[in-house]
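The values are calculated or read from the model by the stated rules, or taken from the named source; none is laboratory data. Note that this is a predicted model, so its numbers are computed, not measured. When we count neighbours, we look across all protein chains shown, and the Cβ atoms used for this are built from the backbone with ideal geometry, even at glycine. These area figures cover heavy atoms from the full protein model, side chains too; ligands, DNA and RNA do not enter into them. Shrake-Rupley method; radii C 1.70, N 1.55, O 1.52, S 1.80 Å.
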Amino acid sequence: MKNLICPLVVLLIAFNITAKAQCISGNCTDGIGTYLWDSGDEYTGEWNNGSRTGIGVYDWKDGSYYYGYFKDGKLDGKGVYIGNDDAKTTLIGYFRDGSLKEKDNFVETGCIIGNCDNGIGVYLWESDDVYIGEWKYGNRTGYGRYDWKDGSFYTGYFKEGKLDGRGYYESNENKIMDGYFENNSFIRSADDKTSSGSSVSSAAKPGGAAAAASSYSVETYDDICSLLRTVIKSFPNDFDGVKGNKDEDGSIILTFWNSTVKLSGSGDADLSSGITDLTSPNWWSNKLVEGASLSDARAKYDQYVSQFKACNNSCCMMSSSTDHKTDKDNETYTTTFKVSNLNSGFSSNYNNMEVNFELKQNYSKTWDLTVNVIDNSEY
């Protein structure tokens, strides 16, 4: 599911619910559950008042699938659709009322949608395995669905990243385990109390054994000042102190790297190059809040801006300005900090540094909050 190119097409998707369709596990009213239709279509994800609303994955019987946001049963928000037609139609971006409205090739590895620390989110591994469901302290804990690249999948309960509880596993060779799992092993079927001990392939988890090949680890910070002091300290050296491995699935125009630091509980942080020099990063970014209401996101925005104003940045004094822009499609609040006085002994490169907090309404009409540290000499 990497290197996906979004074609210039718009897809309107409808769902057919039959009389015999049923919730096969979880909570399909107000919670997270799996619903199976007579047509063979299946959905695993969030429900609100019996309607698909929130994050989920929908599999059509023909092999097409979509993962991302839903609203009132329709594709609505950030998501990815991959068709099983001859053209392998791929749609990536922001959907509205079942149609792709805004293309955005955001697909990369890591937590690509939602909250993969403490919440509900979608995590994509470099192996192309993907998990959607509940997370607790960065582990798959709760209800969810895990799809392996080879076509095998599991739907059910997890505990600390392992299959644990009531669940359904089906291999790419149609081997089925329907019942109860413990510590990644199938212990008994749904109608049998005897243990079988059959083992299921271990699902990788962020920072676990499957991630051992990565050349970096991620350190989380509990406060914005400590995080940004670390990033700012590495700014004069092209963020070398916070640069992880290169993202091989980056844009053909820019180069992307993973960041080794982020705020605790936030989404993934990364770095990107400037247009004039693809070999070095000049933009560090960390999405702090995703898909929140305006009141919740604005409260965080005000909190972090206020905290950063009080931070003691040894390099320099910084002045701030706030801008509010709105148009027919979105609305943005931005507070920008620029160097007003460089302290003695610090690199003149700091004069090109900008720190900004951006609160932006996305296409699904919820709000995202991002903090950026930028070398603005190229912009």
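Worth a mention:
- Enumeration of residues in the range 112-159 that are part of a strand (DSSP E or B), over 20 Å from PHE181 (Cα atoms) and open to solvent by 30 Å² or more (accessible area, probe 1.4 Å): ILE120, TYR123
- Residue within the range 5-22 that is under 20 Å from THR155 (Cα atoms), modelled with pLDDT of 85 or more and in a strand (DSSP E or B) present: no
- Considering SER319, SER259, the condition of being closer than 19 Å to ASN356 by Cβ, surrounded by fewer than 20 Cβ atoms within 10 Å (Cβ to Cβ) and modelled with pLDDT of 90 or more is satisfied by SER319 alone.
Yes/no matrix, rows are residues, columns are (1) among the charged types (D, E, K, R); (2) open to solvent by less than 10 Å² (accessible area, probe 1.4 Å):
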{"residue": "ASP62", "(1), (2)": "yes, no"}
{"residue": "TYR66", "(1), (2)": "no, yes"}
{"residue": "ASP72", "(1), (2)": "yes, no"}
{"residue": "GLY83", "(1), (2)": "no, yes"}
{"residue": "ILE92", "(1), (2)": "no, yes"}
{"residue": "ARG96", "(1), (2)": "yes, no"}
{"residue": "SER99", "(1), (2)": "no, no"}
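- Listed here are the strands (runs of 3 or more DSSP E) enclosed by the range 286-379 that have at least 2 residues being in contact with a strand residue (DSSP E or B) (Cβ under 8 Å, 6 or more places away or on another chain), free of Cβ contacts under 8 Å to residues at least 12 places away in the same chain and at negative phi: 316-326.
- You will find that of LYS233, LYS243, the residue that is surrounded by fewer than 19 Cβ atoms within 10 Å (Cβ to Cβ), modelled with pLDDT of 90 or more and of a type in the set (Lys, Arg) is LYS233 and no other.
- Residue check for GLY77: part of a strand (DSSP E or B), surrounded by fewer than 19 Cβ atoms within 10 Å (Cβ to Cβ), on the phi > 0 side of the Ramachandran plot and touching a residue at least 60 places away in the same chain (Cβ under 8 Å): no
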